[in-house]
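Everything on this sheet refers to the single structure shown next.
The values are calculated or read from the model by the stated rules, or taken from the named source; none is laboratory data. All figures in this text were calculated on a predicted structure; none of them were measured in a lab. All Cβ positions, glycine included, derive from the backbone under ideal geometry; neighbour counts span all protein chains shown.
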Amino acid sequence: MSSTPKRRVKAKLDPSSSSRSSLHSLGALEPPSSFFPSREELLKLVAVLAIASAVAVSCNFFAGVVNPQTKPFCNSDAESAEFSPSDSCEPCPRHGECHQGELECVRGYRQQGRSCVEDGDINETAKQLVCPS
């Protein structure tokens with residue numbers, strides 16, 4: 001046997017072939033050129049989104065004007081801390097009793113909107129009972 005160790009011969013790589021194979025593998029990861037929208041398509045998309053946003057904002061505005069959020073009524077009893085007179089609730093109207101934010105008119109009065117008005121039917125019936133014709 002020979003005493004000289006054998007050396008392994010390294011295979012020389014062609015630099016042009018290795019760069020081509022790495023570019024080929026990167027090309028598989030890149031999206032096709034038709035994947036991204038053109039400038040005209042992008043402008044159309046922005047215009048559609050702007051119109052949709054304007055419609056959503058205007059609908060929200062008009063819904064708030066047509067159906068405004070009303071404040072709850074403050075409780076009639078002064079002992080309750082919930083719904084006490086403040087900016088977050090509306091004072092209970094005359095001839096009304098308010099509990100947990102809801103208005104209930106006392107006997108002889110009926111609710112009209114957010115106030116209590118005299119019930120004309122009860123007064124007419126009472127007059128007929130007191131002074132029959």
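Could you list, in sequence order, the residues of segment 45-69 that are polar (S, T, N, Q) and part of a helix (DSSP H, G or I)?
Within segment 45-69, the first condition is being polar (S, T, N, Q), and the residues that meet it are 53, 58, 60, 67, 69.
Passing the criteria: 53, 58, 60.
Consider segment 79-110. How many of its residues are at pLDDT 85 or above, closer than 19 Å to residue 69 by Cα and either touching a Leu at 6+ places or on another chain (Cβ under 6 Å) or of a type in the set (D, E, K, R) (or both)?
Qualifying residue count for the region: 2.
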